[in-house]
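Down below is the structure, laid out as C-alpha cells.
The values are calculated or read from the model by the stated rules, or taken from the named source; none is laboratory data. On a predicted model such as this, the values are computed, not experimentally measured, just so you know. Cβ placement follows ideal geometry from the backbone for every residue including glycine, while neighbour counts extend to all protein chains displayed.
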Amino acid sequence: MPMDGREASDGGRGLHAWRRVALVATWMAAASPAHAQDTGAAAASRNDAAILGQSPTSLRIESVTTRITSFNQFGFGYQSKAGPLPFGPGSERAIILEPQLQVVALQGDRFRHVVTLPVDIVTAASPDAIDSGQRPPDVVSAASRNNVAGTLGWSGTYRVDPASDLTMSAGLHVEEPFRSWHGGISGSHAFAGGDTLVSASLLEVYDWFDRFDIVGHREGRANRSSETASVGVTQVLTPGTVVSANYGLTVQTGELGNTWNSVPLWIGERGAELLPSERVRHAFVARASQFLPWNGALRLYYRLYLDDWGLAAHSVEGQIMQRISRSLYVGALYRLHTQTGVTFFTPLAGPEDTLRTADSDLQRLDSQTIGGKVVLDVPVDAPMRMLHFEVGYERYFRTNNLSMDIVTWETGYRF
Amino acid sequence: MKPRLSVAAFAALACTSLTGCATVPQNRRALLADPMMGVTDEPLDAARRQKLYDTREGAAGGDGTTAGGGCDCQ
C-alpha cells in the first residue's frame, strides 16, 4: 500500500505559522528605532560580509534533517484479493520504510529554500507485479513484493517586507506506474505587531498513471487533477497561548481510484470499483498550543471534514509535552478519528450498480493513535549550532481490522 | 455526529481567536519560541503522519494539503 510522498514538501513549505509569527515579531523589533543598537550591529555584520567578499545571494545551509520511519501493518480489507476466501476481505499486510530528508537554506536576507526528499519502500504493493515479466501481469494475487516511491519537493519563501511572505512550491512524485506533479503559491501577512498572521494558499496537483483492469490487464493511461485553496489565521493570545484556524476546499476531477480495486458482487464474481469522477472536499482545522506552568505544553487539534461522497469525519488530537531539562523533553499523544462511510460503500454489490466500492478506507470507521516521543536538542560549537535527535513510537488501530506499529527516528543538524 | 454543531463550535473558536487584540510584547514571547509550543508538528514528522492518515482514512485534503495521489488513494 504505497503512500504518496508529495505532502512532505508541503509540510516543509517554509516555517510553520507560529514560527513565522515569532520571526516576524523579531524582524519588526529589529527594524524599529528602539533597536538602533541592533541595527548598528547588523550594519557592522554587512560590512564584515563586504570585507570578506561574501555574495549577498550566496546560499547558507540553515538545517539538514533526516528521518526514517517504519510502518508494520496488519489487517484485512475487501479491496484486497489476497485472502483465503474469494469474496472475503484480503490481507493488507505491509511493511513500509520511509526515509526522509529536508534541507533548509537561506539565500541572502530574504529568500529561504526548503528541499525535501521523502522515499517510500513498500514490501507489499500491487504495482510491482506489473513489471514482473508475466503476461498478463498479476497485479492482484501476486500482490507484490516491493515497490519504491519517491518525491522531490522544493519551496522558496521570499520575505516581501517585515510582515509579509510569499512562497512558491513545486515537486515531482515518481512511483510505478504513477507520476505526479504539483505546484503551489501561498502568502502570509502579519498584523498587530506580529500577533496575528493571516495566510492563504493555492495548490495544484496533477496525477498521471497507468490504468489496469481488476485482473491486471493494462488499459492505457488515466489522470486526475486536484485543486486546493485554503485560508488561515494564527493568533498569539497570551505569552503562553497561540491558536490557529484554517479552512480549505479541494476539488478533484478525473480517475479517482487506482483502477484495479475490485468489489465482491452478489452473483459470485468480482467487479471493478466504480467511483464518481469528481470529489469536492471541505476541511476546517483548529489548533491551539498552551504553555503549562510546570514547564510543559499542551497542544490540541480538531479537524472537521465533509465531502460530496457522503463522508463526514471528525479528528481530535491532544499532545502533552514535558521538558525534563534545557535540552530534553518528552511527549505523549492521543488521536481519535471517526468517519462515516461514503454512500456507495458495500462489501457485496450488485452487478448493475453504477457506483460501488469495497475499499475499507472509505468505510465507516473509528481509528485511534497513541504514542510517545523523546526529543533531545544538544547545543554544540560552531560551525553547527545544535544537534537534534528524536525517537518516537506510535500504535495506530481502527475498528475495521487494520493496525500498525510505527517507529520513527530523526536526526537534525542546525547551523 | 452533528456537523452543524461542529461548524458552530469551529466558528466560535475562530471568532475567539480573532478577538485576541491585546498585543503581546516582543520581550514576552520566549515561551512561544520553545519547540514544544509549536501548534503544528515538526515538518518531517507532520509529513509522515499526514501521509499515514491520508492513505488509511477517507478524509484527506481540504486544509491546505494535498489530496489523492499514490496508487491507492481516492
Check: When both residues are 6+ apart or on different chains and their Cβ atoms are under 8 Å apart, which pairs have a first residue that lies in the range A:401-415 and is facing chain B (nearest Cβ under 9 Å) and farther than 19 Å from A:Ala332 by Cα, and a second that is of a type in the set (D, E, K, R) and not in a strand (DSSP E or B)?
Finding: A:Leu402/A:Glu92; A:Leu402/B:Arg56
Margin query: So in the range A:166-196, with the set limited to residues that are among the hydrophobic types (A, V, I, L, M, F, W, C) and more than 11 Å from chain B (Cβ to nearest Cβ), which one is farthest from the chain's Cα centre (by Cα)?
Written below: A:Ala190
Next item on the list: May I ask you to say which residue of A:Gly392, A:Gly350 is small (Gly, Ala, Ser) and more than 20 Å from A:Gly88 (Cα to Cα)?
Entry: A:Gly392
Note to self: Looking for something outside any strand (DSSP E or B), more than 9 Å from every other protein chain (Cβ to nearest Cβ), over 18 Å from the mean Cα position of the chain (by Cα) and closer than 30 Å to A:Met168 by Cα - is there at least one such residue anywhere in the range A:251-268?
What the structure shows: yes
Next item on the list: Could you grab me the full set of residues in the range A:356-391 that are crowded, with 17+ Cβ neighbours inside 10 Å, more than 8 Å from chain B (Cβ to nearest Cβ), farther than 13 Å from A:Arg414 by Cβ and not polar (S, T, N, Q)?
Entry: A:Arg356, A:Ala358, A:Gly371, A:Lys373
Notebook entry, point to check: Somewhere in the range B:35-45, is a residue buried (at least 21 other Cβ atoms within 10 Å of the Cβ), at pLDDT below 85 and facing another protein chain (nearest Cβ under 7 Å)?
Noted result: no
Next item on the list: Check A:His337, A:His282 and return the single one that is in a strand (DSSP E or B), within 24 Å of A:Phe76 (Cα to Cα) and at the interface with chain B (Cβ under 10 Å from one of its Cβ atoms).
Entry: A:His337
Note to self: List the residue pairs whose Cβ atoms are under 8 Å apart, where the first residue sits in the range B:30-50 and is touching a residue at least 12 places away in the same chain (Cβ under 8 Å), the second is assigned to a loop (DSSP other than H, G, I, E, B), and the two are 6 or more positions apart or on different chains.
What the structure shows: B:Gln50/B:Thr65
Next item on the list: Return a yes/no flag: does the range A:299-321 have any residue that is charged (D, E, K, R), over 30 Å from A:Ile68 (Cβ atoms) and not in a loop (DSSP other than H, G, I, E, B).
Entry: yes
Note to self: Of the conditions (1) modelled with pLDDT of 95 or more; (2) surrounded by fewer than 16 Cβ atoms within 10 Å (Cβ to Cβ), A:Asp213 satisfies every one except a single condition; which number is it?
What the structure shows: (1)
